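Right, one structure below, let's go through it.
A short reminder: the numbers here are calculations on the coordinates, not readings from a lab. This structure is a prediction, so every number in the text was calculated from the model and none was measured. Every residue, glycine among them, receives a Cβ derived from its backbone with ideal geometry; neighbour counts consider all protein chains shown.
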Amino acid sequence: MSDVLAARFQMAMSLAFHIIFAVVGIGMPVLMVIAEWRWRRTGDATYLELAKRWAKGAAVLFAVGAVSGTVLSFELGLLWPGFMRYAGAIIGMPFSLEGFAFFTEAIFLGIYLYGWDKVSPRAHLAAGVMVAVSGAASALFVVMANAWMNTPVGFRAIDGSLVDIDPIAAMLGPASFPEALHMIIAAYAATGFAVAGIHALVLLRTPGSAFHRAALAIGLTMGVPAGLVQPLSGDISARYVARWQPAKLAAMEGQFRTERGAPLRLGGLPNESARNTPYAIEIPRGLSLLAYHDPRAEVKGLEAFPRSAWPPVAVVHISFQVMVALGGYLVLVGVWVMARAIRRRPLAESRWLMRAVTIAAPMGFIAIEAGWTVTEVGRQPWIVFGLVRTSDAVTPFTNLVVPFVAFTALYFFLGVVTAWLLYRLVAKSAP
Amino acid sequence: MTPAVVVAVVIVIALIAYAVTGGADFGGGVWDALAHGPRRREQRALIASALAPIWEANHVWLIIVVVLLFTCFPRAFADLFIALHVPLSLMLVGIVLRGSSFIFRAYGSKRLAAQARWSRLFAAASIVTPLVLGASIGAIASGGVTRSLHLLDRGDSSAGEMMVQLALRSWLSTFDLTVGLLTLAGFAWLAAVYLCVEAKDDALRDDFRARALWTLASLVALMVLAPLAARAQAERLYHALMDQWWSWPYVGITAVAAAMSGWALWSRRFQLARLAAPAVVALVLGGWALAQYPYLIPNRWTIADAAAPPITIELVLIAVALGSIVLFPSLIYLMRIFKKEDAPGVPGNELTTDD
Ligand code: HDD
Ligand code: HEM
Ligand code: HEM
């Protein structure tokens with residue numbers, strides 16, 4: 001394995017690992033705060049019990065999130081010193097702000113998890129709100145850094161270095177708003193459905209449990225609205241991609257030819273050498289309509305770009321299909337839940353709905369991994385779009401396959417232990 | 001002071017903050033490993049309850065150091081992370097295992113065998129990480145990093161030679177290892193001193209008082225040894241530290257602070273010891289920074305040469321100032337909640353007692 005490839009795999013693996021815990025760090029505090037708030041409003045001890053149980057699981061997940069995030073911030077230097085040398089001064093601003101968000105998150109998390117009988121109930125709830133707010137803020141800032149890699153602005157590039165830089169303009173580039181919005185909603189959708197799914201699984205066995213019904217309701221309260229609006233925010237993302245990264249859009253859609261009234265492809269397997277995407281269901285003019293809101297708009301195909309500027313087409317296309325398909329499933333389940341809730345029929349009494357929600361549990365997370373694959377692999381061969389190639393940014397340190405294997409093994413171990421601990425926590429609460 | 005120098009000072013302060021807070025958390029792991037005597041279990045419980053609410057927050061200081069470095073001194077950051085690839089990777093593994101084993105032990109199975117397994121991992125990671133962190137700092141100071149980078153620039157070594165140079169020669173001189181030991185001893189000492197204050201019963205407090213006194217003795221020995229090693233291997237550092245008008249007063253103040261903390265421990269003035277001990281650590285780190293000034297990496301990057309464009313530095317300083325307005329009150333609030341002198345003892349943490 002070449003060093004660049006090992007570095008890319010290590011980065012991708014670390015990010016794919018961290019993002020799961022980061023997403024829980026954004027979503028879980030909201031659920032705990034809702035449960036605790038319900039307890040204070042209703043006096044029903046079920047909600048307090050729920051908040052405390054969730055807090056236990058969250059404590060483990062937060063710790064793994066913190067250590068895997070630390071790994072990432074080191075890896076920026078360990079793997080991509082060329083990138084940091086080039087872009088540190090301009091991309092560092094959101095990371096610095098993120099540092100302060102981490103501080104507030106960690107401080108109030110400590111108070112939330114270990115301060116149940118050390119601070120007043122109101123202060124405790126407020127600490128939970130602080131954790132939720134700073135979790136979302138961390139996501140906002142770090143995604144701004146990623147957005148700059150996708151749509152770099154706020155500088156002039158001269159002779160391989162950046163001059164006249166404006167870090168604030170760089171933070172507020174065209175990708176920032178769509179990416180941050182889509183990511184934060186994704187976090188709420190994924191966590192909400194995951195939590196609801198776990199409790200739905202228990203409810204399939206004990207449909208009467210008030211504890212699990214309350215948990216299901218709170219999980220869905222967060223997950224369903226987020227799942228329903230996610231396609232709208234995905235549309236905003238797709239339109240910025242169409243405008244700023246047309247090669248990525250073409251790869252997402254398996255669109256090789258430049259054409260007016262391009263079709264939307266569902267499924268299909270892009271073939272880079274034959275330059276077509278067979279086995280797809282094509283919806284005429286669908287792509288032009290979605291990407292430009294005009295059924296006759298011209299969509300650039302990959303052939304409009306030199307071969308060396310193509311991302312790996314099949315990976316990007318398939319990941320995109322996976323994300324959209326899972327998003328579609330979450331919308332369906334969301335509509336079903338809403339339909340039952342509006343008629344005031346207890347959700348837990350529909351076994352089919354409980355099965356559907358259980359199946360939804362991992363879907364948000366899979367969609368997130370797929371979506372990031374679209375964003376990151378779709379940006380290739382660039383690390384900073386249009387400016388720096390990934391191969392020029394890698395460290396001169398060699399044998400990078402060694403750290404890649406070592407960190408993969410380490411994360412595998414962490415993942416297994418974490419999953420086992422969570423399983424124990426859930427199994428204990430199930431009758 | 002130019003804005004770049006101000007940021008450099010902020011970075012040193014953040015590093016000191018990490019050492020006196022996060023460092024002590026590693027020290028706690030050392031004492032977990034060395035827990036012995038009739039009150040073994042109580043010692044471990046005290047350490048765990050002292051760490052649980054604060055270690056994640058303490059740890060963020062390190063992130064701040066890294067982030068400020070790459071934002072404000074991107075070229076020096078890139079060089080450091082190339083030359084110190086191996087120790088920094090080891091340190092990362094240590095950080096990951098320390099944090100995760102601690103939390104797995106607290107929330108996992110309460111069976112003794114399982115607890116013992118996580119304890120061993122927690123202890124090993126708590127010992128290795130400070131050693132490697134210290135050796136990395138030693139390697140910057142002693143010029144090992146600079147030598148590797150020069151060789152890399154010259155580009156006339158074979159890939160294999162370069163690999164060996166980067167992996168082993170950047171950071172393993174006697175001086176670097178001495179600094180590693182010094183760091184380990186310093187962190188353990190801080191932890192022992194803080195635990196004296198945290199302990200709620202006298203016998204337990206005496207356990208940690210004895211440990212604090214012993215570690216102080218070894219720390220002083222290392223503080224004498226380090227300059228000797230520096231004289232042989234980090235000459236520039238030695239002269240920069242020892243040949244200034246402020247050299248002897250500075251060493252004097254450090255010695256007084258160390259002596260004071262020893263006396264405070266001896267005479268059971270634990271609150272005083274808790275102030276004096278971090279002051280000693282701050283003085284040692286500050287001395288290193290002063291000796292290296294104006295260099296970030298000796299003979300390679302001065303603060304001025306490595307600095308990012310002024311606009312970045314200024315914006316970061318504004319962000320640090322605004323961030324501090326939120327950060328410090330929150331930190332004080334956290335410490336007030338969990339580190340009040342009269343706080344009732346927390347036996348383990350209540351979330352984990354069922355099982
Ligand atoms: C719960 C997770 C989830 C769901 C249901 C969806 N997405 Fe998504 N998507 C993400 C989670 C996600 C993500 C992982 O969060 C990404 C990666 C980068 C980003 O900003 O969000 C992403 C990226 C992403 C991008 C690429 C943005 C870029 O390259 O910067 C587009 C165009 C879409 N999404 C579009 C959609 C559409 C049209 C959806 C319709 C159902 C959809 N997403 C559902
Ligand atoms: C928001 C913060 C993120 C930043 C700053 C970031 C940054 C980077 C960097 C520096 C690389 C290496 C260079 C490259 O291969 O282009 C990379 C690659 C990659 N990242 Fe991200 N990333 C972020 C989020 C994510 C997330 C959450 C995922 C989750 C799955 C992800 C998936 C990947 C993948 C798959 C690659 C490898 C691409 C390839 O080699 O084709 N990224 N990212
Ligand atoms: C290159 C990319 C990234 C870097 C360098 C990075 C860095 C970090 C670091 C250092 C931490 C630990 C903070 C602590 O000690 O408490 C952390 C945690 C966190 N990160 Fe990331 N991160 C990256 C990608 C992401 C992405 C894509 C997201 C999400 C959208 C994210 C959201 C979070 C959140 C919410 C936490 C707190 C999690 C917790 O404590 O459970 N990060 N990250």
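With the cut-off at 1.5 for a/c, could you classify region A:291-404 from its C-alpha gyration tensor as rounded, prolate or oblate?
Here region A:291-404 falls in the oblate category.
Fully extended, how many nm does the chain gain between B:LEU168 and B:HIS36 (0.36 nm per residue separation, minus their Cα-Cα distance)?
My answer for the length gained is 44.0 nm.
To the nearest 0.05, how large is the calculated FRET efficiency for A:ALA12 and A:TYR279 if R₀ is 25 Å and r is the Cβ-Cβ distance?
0.40
Please list 3J(HN,Hα) in residue order for region A:180-188, calculated via the Karplus relation 6.51 cos²θ - 1.76 cosθ + 1.60 where θ = phi - 60°; whole Hz, with x for glycine and proline.
Per residue, the Karplus-derived 3J(HN,Hα) values read 5, 4, 5, 5, 5, 4, 4, 5, 5 Hz.
Cross-link partners among lysines for A:LYS248, C-alpha distance below 20 Å, same-chain residues fewer than 8 apart left out?
Filter leaves A:LYS300.
P(r) for chain B: what percent of alpha-carbon pairs falls in each 10 Å bin, starting at zero?
Whole-percent P(r) values from 0 Å outward: 5, 23, 32, 25, 11, 2, 0.
Over all directions, how big on average is the projection of the convex hull of the alpha-carbon atoms in region A:269-351, in square nanometres?
For region A:269-351, averaging the hull's shadow over all directions gives 8.4 nm².
Taking θ = phi - 60°, what integer Hz values does the Karplus form 6.51 cos²θ - 1.76 cosθ + 1.60 yield along region A:113-119, in sequence order, with x for Gly and Pro?
Result, ordered by residue: 6, 10, x, 3, 10, 10, 10 Hz.
Quick check: the angle from helix A:3-42's long axis to the longest principal axis of chain A, C-alpha only, nearest 10 degrees?
With rounding to tens, the tilt is 30 degrees.
For A:ALA280, which sequence-distant residues (separation of 5 or more, or a different chain) have an amide H within less than 5 Å of its own amide H, given hydrogens modelled in the peptide plane?
Under 5 Å from the amide H of A:ALA280 lie the amide H atoms of A:LEU269, each far enough along the sequence or on another chain.
Please report how far the C-alpha centroid of region A:91-164 lies from that of region B:217-261, rounded to the nearest whole angstrom.
Cα centroid of region A:91-164 versus Cα centroid of region B:217-261: 39 Å apart.
Using alpha carbons only, how many degrees (0 to 90, rounded to 10) separate the axis of helix A:45-79 from the longest principal axis of chain A?
20
List the pairs from A:LYS56/B:LYS200; A:LYS56/A:LYS118; A:LYS118/A:LYS428 whose alpha-carbon separation is above 23 Å, in the order I gave them.
Pairs exceeding 23 Å: A:LYS56/B:LYS200; A:LYS118/A:LYS428.
Across every pair of different alpha-carbon atoms, what Kirkwood hydrodynamic radius in Å does the protein assembly as shown reach?
27.8
What FRET efficiency comes out for A:PHE305 versus B:SER109 if R0 is 56 angstrom and r is the Cβ-Cβ distance? Round to the nearest 0.05.
0.50
What residues qualify as long-range amide H neighbours of A:ILE383, i.e. H under 5 Å apart, gap of 5 or more or another chain, H built at 1.01 Å from N?
Amide H to amide H, under 5 Å and 5 or more residues apart or across chains, A:ILE383 pairs with A:VAL388, A:ARG389, A:THR390.
Quick one: plug the Kirkwood hydrodynamic radius of chain A (C-alpha pairs) into Stokes-Einstein at 37 °C, 0.692 mPa s, and report D in µm²/s.
This corresponds to a translational diffusion coefficient of 143 µm²/s.
Cross-link partners among aspartates and glutamates for B:LYS110, C-alpha distance below 18 Å, same-chain residues fewer than 8 apart left out?
B:ASP32, B:GLU42, B:GLU350, B:ASP354, B:ASP355
Search the structure for amide H atoms under 5 Å from the amide H of A:GLU259, placed 1.01 Å from N in the peptide plane, and list their residues when 5 or more places away or on another chain.
Answer set, sorted by chain and number: A:VAL299, A:GLY301.
Per DSSP H run of at least 4 residues, take -39500 (n - 2.57); add these up for chain A, divide by its residues and hand me the 222 nm value, nearest 500 deg cm²/dmol.
One gets -25500 deg cm²/dmol as the mean residue ellipticity at 222 nm.
Just to confirm the number: angle between the C-alpha axis of helix B:202-233 and the first principal axis of chain B, 0 to 90 degrees, nearest 10?
10
Just grab the label-to-label distance for B:ALA210 and A:ALA210, each label 7 Å out from Cα along the Cβ direction, in nm (one decimal).
Roughly 5.4 nm, to one decimal.
Enumerate the calculated ³J(HN,Hα) couplings along region A:136-150 in order (Karplus 6.51 cos²θ - 1.76 cosθ + 1.60, θ = phi - 60°), each rounded to whole Hz, writing x wherever the residue is Gly or Pro.
5, 5, 4, 4, 3, 5, 5, 5, 4, 5, 5, 4, 5, 5, 7
R0 = 41 Å: FRET efficiency of B:HIS239 with B:GLN271, Cβ-based, nearest 0.05?
0.60
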